Amino acid sequence: MVRILRWAAWCLLFVSIGIGTISDRPRQNPQLMLGGYHVLAADFHIHSFPLSWGVLSPWDTVMEARRQALDVIAMTPHNHTWVAKVGQWSARLSGNPIVIVGEEIHSIGYHLLAVGIRNSIAWRQPASKAIDEVHRQGGVAIAAHPIASYAAYDAEAMRKLDAAEVVHPVGLRNEAFADQLRQFFRRTRLTAIGDSDYHIGPLSPQLGEMGLCRTYVFVHERTEEGILDALRKGRTVVYDREHVYGDPAMIQLADENGRLRKLALSGREPNFAGLFSGIVGVFGLLAWTLTSGGVWRRFD
């Protein structure tokens, strides 16, 4: 019995690796110029190992961003910045993507993305004061997944806020959450953001693959400052399955070109082969663990 299970385990692992390798193809992201702007694919909400419920190291996170055809990512660890700085250093060695240092400020009643900062920001303070500190460091303040339970922004905070995630994986999976994201976005004039909130990969029940939700940023120059300037001025376009959000002039440019929507939605088809590969791999590892631990030896 043990020999049969061990043989089956190796077969399952071999099949899992084979299917996963064949089905896992990098996304395409051709260089795009519209109306004199460089159009960059960005994900401003990325978590990495350690201390942020991520499994990829900072340098592996950079590699995954490149594989997902992202031109820009902001690494936003929970209440600290040092992992993001390691990721930025790693990206500079390889040349791309552009990595912006950030932080997800986990506070009571709100989560705030501080993108383009240098130092960590205290989380035990009202949203308005946290936004002031983001701006003092030259960064951009983005409301992270502002569904009802994370929307504790008073009128003063809303006046100072730069942007909000209006497209997020929780909204793709739950229409009530999607409506809450849209309601928050309509509270005031905000830059439209789409982010993946990448933590632990495609098998997470709530989150998604890196770049699953992404922001198209229209920049004059392909630099961190050029990106932050575009965010401050609202030059973004974001797609979900049925809606488009962002600057009307940029949306018009994208509609006239026709390619941006196709690129945005190309990675959202279910990867059933990849899911099957993961399930087979789990059963293979389980069978291998059982046969290695002596659980089934009494049947041999």
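Data overview
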read-out	value
Chain lengthening between Gln252 and Glu225 when straightened (0.36 nm per residue, less Cα-Cα)	7.3 nm
R0 of 25 Å, Cβ-Cβ distance Gln31-Arg232: FRET efficiency to nearest 0.05	0.55
Rounded, prolate or oblate (a/c below 1.5 giving rounded, otherwise prolate when a/b exceeds b/c) for the range 28-268 by Cα gyration tensor	rounded
Gln183-His78 pseudo-label distance in nm [points 7 Å out on the Cα-to-Cβ vector]	2.6 nm
Lys, Arg +1 and Asp, Glu -1 on Cβ, resulting dipole of the range 106-247 about Cα centre, debye, nearest 20	280 debye
With all protein chains modelled, accessible area of Lys129 [1.4 Å, Å²]	120 Å²
Relative contact order (%) - the range 28-268, alpha-carbon pairs under 8 angstrom, separation at least six	18 percent
All aspartates and glutamates inside 19 Å of Lys129 as judged from Cα atoms, apart from same-chain residues fewer than 8 positions distant	Glu103, Glu104, Asp154, Glu156, Asp162
Amide hydrogen neighbours beyond the local backbone of His80, cut-off 5 Å, H modeled	Glu104
Phi-based couplings in Hz for the range 80-85 (Karplus 6.51, -1.76, 1.60; Gly and Pro marked x)	7, 10, 5, 5, 5, 5
Nonlocal amide H pairs with Gly211, under 5 Å, H built at 1.01 Å	Ser196
Distance from the range 102-181 to the range 218-235 (C-alpha centre basis), Å	19 Å
Gain upon complete extension [Leu93, Glu242; 0.36 nm per residue less C-alpha separation]	49.8 nm
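The values are calculated or read from the model by the stated rules, or taken from the named source; none is laboratory data. Everything quoted here is computed from the prediction, not taken from an experiment. Ideal geometry is used to build each Cβ from the backbone, glycine not excepted, and the neighbour counts take in all protein chains shown. Note: areas computed on protein heavy atoms with side chains; ligands, DNA, RNA excluded. Shrake-Rupley method; radii C 1.70, N 1.55, O 1.52, S 1.80 Å.
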